[in-house]
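The values are calculated or read from the model by the stated rules, or taken from the named source; none is laboratory data. In this text, all values refer to a predicted model and were calculated from it rather than measured experimentally. For neighbour counting, all protein chains shown are included, and Cβ atoms are generated from backbone atoms with ideal geometry for every residue, glycine included. Each accessible area value is taken on the protein alone, full model and side chains, heavy atoms only, with ligands, DNA and RNA left out. Shrake-Rupley method; radii C 1.70, N 1.55, O 1.52, S 1.80 Å.
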Amino acid sequence: MEDLPGGRVPVPTQETRIGKTAAAPAQERPSPMLNSHRAWLDGLIRAASGKLDA
């Protein structure tokens, strides 16, 4: 973990668009993979800020 200026913390991730399961979604626009990744990051932000829904 690394503490960056402005209260930011980088979250390193690894994703792949290789294989039968990922091939079709990798070609779609808007990208369901990127949208899911964004939703995951938004959930991390809510959890870290204590704003999770009950």
Problem set entry | Qualifying residue in region 33-50 (condition: over 17 Å from the mean Cα position of the chain (by Cα) and modelled with pLDDT of 80 or more) | yes
Exercise. Within region 4-14, is there a residue that is free of Cβ contacts under 8 Å to residues at least 12 places away in the same chain, in a loop (DSSP other than H, G, I, E, B), open to solvent by 60 Å² or more (accessible area, probe 1.4 Å) and closer than 21 Å to L52 by Cβ?
Worked result: yes
Seminar exercise, completed: Reported set for region 1-24 where residues are at pLDDT 80 or above and under 16 Å from the mean Cα position of the chain (by Cα) is R8, V9, P10
For this session: Give me a count of the residues in region 16-54 that are in a helix (DSSP H, G or I), of a type in the set (K, R) and loosely packed, with under 10 Cβ neighbours inside 10 Å.
Result: 1
